[in-house]
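Note sheet for the following structure.
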Amino acid sequence: MDNRKKLPFNIYLIGFMGCGKSSAASYLNKKYGMPLIEMDETIVEEAGMPISRIFEEQGEAAFRKMETDLLKRMQSVENTVISCGGGVPMREENVRLMKESGKIVLLTASPEVILERVGSSSHRPLLEGRKTVEGIAELMDARRPAYEAAADLTIMTDHKKNKEVCEEILARLEAEM
Ligand code: S3P
């Protein structure tokens with residue numbers, strides 16, 4: 001059976017580190033044939049170094065500029081699922097660029113579940129020294145208003161399978177079409 005989806009917009013997946021953006025994007029790519037852009041991976045490839053080194057050597061501001069530059073270059077893609085780094089919706093310019101070319105889907109998870117998912121990761125500089133429920137909850141609270149203001153729809157991922165999350169994304173987007 002041909003499951004390919006052809007949507008008249010791009011899907012931007014946003015949310016906190018570990019909320020499942022990359023897993024959902026990969027599933028939508030494999031199961032529904034939607035082209036995929038992983039923003040973090042693209043930036044790492046283009047910079048030729050991991051995110052932690054970009055932060056160390058060039059600073060966070062340089063990384064944020066790379067994110068905005070990439071969003072600008074991506075404006076002509078279609079029917080594409082874009083997995084955004086967790087900080088992307090924190091810049092108004094980025095939100096404007098995403099809204100102009102797609103639907104913004106916010107994935108959420110509780111700090112406890114995030115900690116389980118990212119506890120052993122070493123490539124997220126903003127989590128260094130913060131790998132506790134309290135540390136994650138604090139950063140999440142600071143980001144929540146911007147995330148919620150950007151989102152066209154929000155999906156809680158705690159205790160859901162990736163497949164269920166993706167089916168919910170598509171069902172809710174298609175219901176609005
Ligand atoms: C960041 C999230 C990371 C990555 C970078 C900064 C953030 O992406 O872009 O470490 O500011 O939340 P993921 O959300 O894919 O982990």
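Bear in mind these aren't lab numbers, they're just calculated from the coordinates by the rules spelled out. As the structure is a computational prediction, the values presented were derived from the model and not from experiment. Heads up, the Cβs are rebuilt from the backbone with ideal geometry, glycines too, and the neighbour counts pull from every protein chain shown.
Calculated on C-alpha atoms, the gyration radius of region 115-177 divided by its Kirkwood radius gives an Rg/Rh of 1.05.
SER101 sits among other residues whose Cβ lies under 12 Å from its own Cβ, and their net charge, with Lys and Arg +1 and Asp and Glu -1, is +3.
Running Debye on region 96-135 with equal point scatterers at the Cα sites and no solvent, what base-10 log of I(q)/I(0) appears at q = 0.13 Å⁻¹? Treating every Cα as an identical point scatterer, log10 I(q)/I(0) equals -0.42. Computed over region 1-94, the range of Cα coordinates on each principal axis works out to 48, 23, 23 Å, biggest value leading. Annotation for region 1-72: trypsin sites (Lys or Arg not before Pro) lying in DSSP loop with at most 14 further Cβ atoms inside 10 Å of their Cβ are ARG4, LYS6. Remark on the chain: ratio of C-alpha radius of gyration to 2.2 N^0.38 Å is 0.99. The residue among THR154, ALA175, GLY135 whose Cα reaches farthest toward the positive pole of the charge dipole of region 122-177, with charges on the beta-carbon of Lys, Arg, Asp and Glu, is GLY135.
Going by neighbour counts of Cβ atoms within 10 Å, the residues ASP152, ASP69 line up, fewest first, as ASP69, ASP152. Using only side-chain charges placed at the Cβ, +1 for Lys and Arg and -1 for Asp and Glu, the dipole size of region 6-129 relative to its Cα centre rounds to 520 debye.
Roughly how many Å is it from the Cα centre of region 1-33 to that of region 34-55, as a whole number? Measuring centre to centre over Cα atoms gives 18 Å. Rounded to the nearest 500, the 222 nm mean residue ellipticity of the chain from helices alone is -16000 deg cm²/dmol, with -39,500 (n - 2.57) taken per DSSP H run of at least 4 residues.
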